[in-house]
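One structure is given here, and the rest of the page talks about it.
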Amino acid sequence: MAGASPITGEMSNSKVAAVFATEAEARDAAEGVRAALELDATQVQVVTPMDAHPGRKLEPESRGIFRTILVAHAKLGVVGIVVGALAFWALYAMGLPMIVLNAPFALGALLAFGAVAGLMLGGLVSLRPDHDAYILAVRDALAAGRCAVVVHAFSMDQRARAAEALQARGGETTSTL
């Protein structure tokens, strides 16, 4: 089992969904992928139109979204401050008069801009824009009475192998980045 993502603190940032016409096909594909890739039962879920809360299977770590938001903002905010400090150092070393003559103000401005940029990037990561296509594909399939197999991969390689295995079993796959 892999560790948490360094940016979001989540166990599984990579996900694959494959849509199947029937629940039997989906369950067969889930068992096949689980066995072929030696995945934990919690990593491979079958989502059916009868599930009361399909979102919990799609995004099981959403209960900890507040933690994800905090971790992403804190880490990327610090990275932004470091980038701002490096930008100040580079401009100061170049001898730019505006920077050299107003060093404290220039440093403060570059640190502030770096922090804001890092926090904005943290917000983008927290929104998970790459998960939209994955979630919408499964929800559309459920609305049409179809079923889906969802794989919560711990690495990009595991995600790619799961997508290949699900496609080989006839599933229409969608994945996150």
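Coordinate-derived values only; no laboratory data. Please read all numbers here as calculations on a predicted model, not as lab measurements. In this analysis, Cβ positions are derived from the backbone assuming ideal geometry, glycine residues included, and neighbour counts consider all displayed protein chains.
Return ARG56, ARG161 ranked ascending by Cβ neighbour count within 10 Å, so the fewest neighbours appear first.
Values: ARG56 13, ARG161 18.
Ranked by crowding around the Cβ, least crowded first: ARG56, ARG161.
Restricting to Cα pairs below 8 Å that are 6+ residues apart, what does the relative contact order work out to for the chain? Please round to a whole percent. Walk me through the intermediate numbers first.
Values: 277 pairs, mean separation 79.8, N = 177.
It rounds to 45 percent for the chain.
Can you work out ³J(HN,Hα) from phi for every residue in the stretch 84-94, in order, using Karplus 6.51 cos²θ - 1.76 cosθ + 1.60 and θ = phi - 60°, giving whole Hz and x for Gly and Pro?
Values, residue by residue: x, 5, 5, 5, 4, 4, 5, 5, 5, 5, 6 Hz.
Using helices alone, what [θ] at 222 nm do you get for the chain, with -39,500 (n - 2.57) per DSSP H run of 4 or more residues, divided over all residues and rounded to the nearest 500?
Working: 7 runs with 104 residues, N = 177.
Helix contribution divided over all residues of the chain: -19000 deg cm²/dmol.
Which residue, ALA90, ALA18, ALA163, tops the fluctuation ranking in a GNM of the chain built on C-alpha contacts under 10 Å?
ALA90
Could you give the size of the charge dipole of the chain about its Cα centre, using +1 on the Cβ of each K and R and -1 on the Cβ of each D and E, expressed in debye and rounded to the nearest 20? Intermediate results must be reported in sequence, preceding the final value.
Values: 14 positive and 16 negative charges, 88 e Å.
Using Cβ point charges on Lys, Arg, Asp and Glu, the chain gives about 420 debye.
What ranking of TYR92, TYR134 emerges when the number of other C-beta atoms within 10 Å of each C-beta is taken as an exposure proxy, fewest first? List each step's numbers first, then the result.
Details: TYR92 15, TYR134 22.
Exposure proxy ranking, most exposed first: TYR92, TYR134.
Check GLU172: other-chain or 5+ apart residues with amide H under 5 Å from its amide H, H built from backbone geometry?
Answer set, sorted by chain and number: VAL19.
What distance in nm separates the two pseudo spin-label positions at ASP140 and VAL82, each 7 Å out from Cα along the beta-carbon direction?
4.0
Can you give the angle from 0 to 90° between the axis of helix 156-168 and the longest principal axis of the chain, with both taken from C-alpha atoms, to the nearest 10?
30
The stretch 65-127: D in µm²/s via Stokes-Einstein (Kirkwood Rh, Cα pairs, 37 °C, 0.692 mPa s)? Please list the in-between numbers first.
Values: Rh = 12.1 Å.
Translational D for this selection: 272 µm²/s.
Would you mind ranking GLU25, GLU38 by Cβ crowding within 10 Å, fewest neighbours first?
Numbers: GLU25 18, GLU38 8.
The most exposed by this proxy come first: GLU38, GLU25.
Please state the relative contact order of the stretch 65-127 as a whole percent: Cα pairs under 8 Å, 6+ residues apart? Provide the component values of the computation, followed by the final result.
Working: 72 pairs, mean separation 35.6, N = 63.
Computed value for the stretch 65-127: 56 percent relative contact order.
Quick one, which of [x] 174; [y] 125; [z] 112 is the actual volume of the Cα convex hull per residue in Å³ calculated for this model?
Given [x] 174; [y] 125; [z] 112, the structure-derived one carries the label [y].
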